[in-house]
Every structure is written in structure tokens, then in C-alpha cells.
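*Asks:* Shown below is the structure under consideration.
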């Protein structure tokens, strides 16, 4: 008898068993099919028990040296940085500041918990008349000398540039071996900030013998981050 014949004979016997009446309890008849189904159900239950038991053992092992997921609330604190004032008297005049002039009070590279900077210039014109007046505020860092440039005109105002280092939402999550490692994993070097402020164009009135100048105050504000309520959320 070949293999196919053996398999066919076995299936035939199994089908006969399934249709066979095993027990008769009046109106309720237990057939071989019910017995087979019950045995199959028990096998599935045993397999699930073994699977969950293995998973539980795996979690216990990771607790000995695995990775844990943490979450925390982020606290951002405003800090006052350097500030200076001056006057630009002629179209084309400019003032460099920060890393461009190697001014160390603009150097925050050693601060590992900077979230972002705000560099701002508050400018006001003196004299002149009419439209056409324009200033340019360039902000950059030693690591990114291209930076960002903004123009402004009219009768003065405030130009603000936000420079991100490590931006956060209100909460943060991540994985680490412990809470201290979780906190340290977000630390990164700050920036040596700087840039240029330019009196890029005089007003129309300056061309008819009306003297004109630009007063300015440039400030740097830096925002540091910290975590509160660090808590474990899961085992990985």
C-alpha cells in the first residue's frame, strides 16, 4: 500500500468516527465529531498557555537588563542673554555680532539643554521722510553660517528669529535603561549664535537733504528645557 492509499484509508476511518454515535443521552447525542472538536479545543488552550508563559518569561528577562519606555512632562524656562544698542547712520552701514566677532557671551555650545533661541532687533528711524526705508536682520550660528534673513521697513518695529536646537512638545517619550539615561539621551550641544544687522535702504526723504539714522537694540533670549514627572510606561 502506497503513502497516498494509507492517507486515504486514515481519512476514511476518521470520517466514519466523526459520524459515529459515541454516546446517547436521550435527546442529546454525542458523536465522534463533537469528541474531535473538544480534543482540538483542549490542544489550542494548551498551546496558548505555553505561548503566554513564554512571553511572561521573556518580560522577566528583559527586566534584568533590557530597555524601558519612559515619558515625561517638558518644562521650558526663559533666560535672558546678551543685549546691546547702537545707531547706524548711513545706508549700507551694518553691525556684526556674536560668533562673527568671537563674542563669548553669545556662545552657548557648552549648554546641553537649550531648546531654542530668539534673536531680536528692536529698531527705530530718526529723521528722513516717506517710504522706502528698509533694514535687514541676519541671524546664524557658527554651525550654520547661512542662517536666516528677514527684511523690515516703514517706521520701525521688532524683527524676531527663532532658532531651534532641541524643540519639544508638552510631553516627550523614549526608551532607555533607566530614568537618568532617558534624560541624558535628549541632551545636545547648544549653538554659538550671531549675525548681522544692516541699514539696507534709506527713505525717500533722505535724498532731499533730510538726515536719517537707525537706532537699534539687539537681544538674545535662550530657552532651556527640563523634564518633570518622568515615569515608566512599558517594558520593551
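*Asks:* Which members of region 97-123 meet the condition of being part of a loop (DSSP other than H, G, I, E, B) and more than 11 Å from residue 192 (Cα to Cα)?
*Replies:* Listed by number, the residues that qualify are 112, 113.
*Asks:* Now for a separate question. Tell me which of these residue 192 doesn't satisfy, since it passes every other one: (1) touching a helix residue (DSSP H, G or I) at 6+ places or on another chain (Cβ under 7 Å); (2) surrounded by fewer than 17 Cβ atoms within 10 Å (Cβ to Cβ); (3) modelled with pLDDT of 95 or more.
*Replies:* Failed condition: (2).
*Asks:* Are any residues in region 141-169 in a strand (DSSP E or B), surrounded by 14 or more Cβ atoms within 10 Å (Cβ to Cβ) and more than 29 Å from the chain's Cα centre (by Cα), and if so, which ones?
*Replies:* If the condition is that a residue be in a strand (DSSP E or B), surrounded by 14 or more Cβ atoms within 10 Å (Cβ to Cβ) and more than 29 Å from the chain's Cα centre (by Cα), then 152, 153 are the ones that fit.
The values are calculated or read from the model by the stated rules, or taken from the named source; none is laboratory data. The structure displayed is predicted, hence computed values, not measured ones. Note that each Cβ is placed from the backbone with ideal geometry, even for glycine, and that neighbours are counted across all protein chains shown.
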